[in-house]
Amino acid sequence: MPTEHLSIADFIQRLPKPETHLHIEGALPWELINELEPGRFSSPPASWDKNYRFQSFAAFETELLDMAGAWYQSPERYHIAAKRILSRLKDEQNVRYLETSFASGVVEHFGLDGQQVARAIKQASPPGMEVRVFMGIHHDGYTDRSRGFIEDSIHWPELDGLDLHGAEETPLEDWAFDLWERARANGKFTKAHAGEFMGPEFVLRVVEELGVSRIQHGVRAAEDPDILPRLAAAGVRMDECPISNLKLGVVPSMEAHPIRQLLSAGIPCTISTDDPISFGNTLKDEYMALHESLEFSADELAVLASNGFEQALVDKSLKDTWLQEVRDCLDAYRKGR
Ligand SMILES: [Zn+2]
């Protein structure tokens with residue numbers, strides 16, 4: 001009997017996946033704003049094109065906030081969008097574990113109840129998917145208007161942690177170091193965006209001074225091979241978004257993405273989609289991009305998925321179940337069924 005060979009696309013489809021770097025505003029299903037304001041949002045953004053490159057981070061942020069701001073104006077809207085986003089991730093991308101963040105800046109701008117926003121996202125979790133919700137705060141996001149709810153947030157049971165967002169070159173202010181420490185003391189998990197636009201020293205700084213070990217992106221750390229072993233020794237893990245990096249000009253081409261360098265330095269990496277409403281990407285696209293441009297094998301793609309499950313904020317038995325599913329999926333692929 002001839003062996004039926006599974007394609008790598010079949011393997012990627014079947015692979016149980018974590019998504020650990022997703023901005024809920026950036027994941028807005030485009031049809032929601034198209035239905036809401038068909039005149040203003042008549043066709044998907046030009047940035048969905050494979051060859052599109054953003055002129056700058058500011059241009060990207062302006063476009064994204066224009067779309068997200070049209071929708072995310074109440075906790076109810078967060079819930080409606082999150083329901084679609086999460087169920088599609090589960091049904092279409094085979095995502096079992098999700099870490100997603102919402103922006104404190106949106107809560108502040110529309111005067112929302114941040115705790116209700118966190119709850120609205122959490123309650124959108126479909127059965128069979130574990131969801132952890134983070135609030136992202138910009139470097140200069142601790143303002144007179146946001147201070148109150150940001151301080152409260154580290155006591156909200158619906159919130160799993162904090163993430164540092166926004167333009168990296170804006171100086172870090174004193175409040176951040178203290179808040180990150182107090183959040184951890186209250187049982188919250190902390191992470192930070194770094195090494196997307198600023199260099200290796202900034203990545204090292206957020207690890208050493210902000211006390212985080214989970215870095216969102218971290219790509220530019222690869223520019224200093226001497227820093228990589230220090231990051232690895234500090235237990236740093238990185239949640240990479242290769243298509244985002246390409247479209248934002250963080251890397252000149254997918255072939256030039258340093259994910260292999262980071263992995264071989266002993267830094268466990270995962271892959272995620274970041275802001276699909278801007279990049280027009282799916283999680284399967286990210287896996288396929290690494291296979292096509294960087295020759296990642298099925299085994300290597302499975303390592304990326306396993307890395308995400310290993311770092312998941314769940315108990316060990318659930319982690320072990322997911323890791324076994326990854327091994328079973330790889331096994332079936334090798335046997336061609
Ligand atoms: Zn991000």
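The values are calculated or read from the model by the stated rules, or taken from the named source; none is laboratory data. If you're wondering where the values come from, they're calculated on a predicted model, not measured in any experiment. Neighbour counts run over all protein chains shown; Cβ positions are idealised from the backbone, glycine included.
Tabulated data
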quantity	calculated
All positions within region 226-263 that are surrounded by fewer than 15 Cβ atoms within 10 Å (Cβ to Cβ) and either in contact with a helix residue (DSSP H, G or I) (Cβ under 8 Å, 6 or more places away or on another chain) or in a helix (DSSP H, G or I) (or both)	PRO229, ALA233, ALA234, SER253, GLU255, ALA256
Residues of region 236-255 classified as farther than 19 Å from MET198 by Cβ, aliphatic (A, V, I, L, M) and more than 15 Å from the ligand (Cβ to nearest atom), total	1
Restricting region 48-81 to residues that are surrounded by 13 or more Cβ atoms within 10 Å (Cβ to Cβ), within 16 Å of the ligand (Cβ to nearest atom) and farther than 27 Å from ALA120 by Cβ, the residue that is modelled with the highest pLDDT	PHE54
Residue pairs meeting the criteria (Cβ under 7 Å; at least 6 apart or on separate chains; first within 15 Å of PRO229 (Cα to Cα), in region 198-209; second in a loop (DSSP other than H, G, I, E, B) and not aromatic (Phe, Trp, Tyr))	PRO200/ASP224; VAL203/GLY195; VAL203/GLY218; VAL207/SER213; VAL207/ALA234; VAL207/VAL236
Strands (runs of 3 or more DSSP E) wholly inside region 91-204 containing at least 1 residues that are of a type in the set (Val, Ile, Thr) and within 16 Å of the ligand (Cβ to nearest atom)	95-103, 130-138, 189-194
Complete set of residues in region 70-96 that are among the hydroxyl-bearing types (Ser, Thr, Tyr) and over 15 Å from HIS23 (Cβ atoms)	SER74, SER87
Residue in region 88-101 that is touching a Ser or Thr at 6+ places or on another chain (Cβ under 9 Å) and within 19 Å of THR170 (Cβ to Cβ) present	no
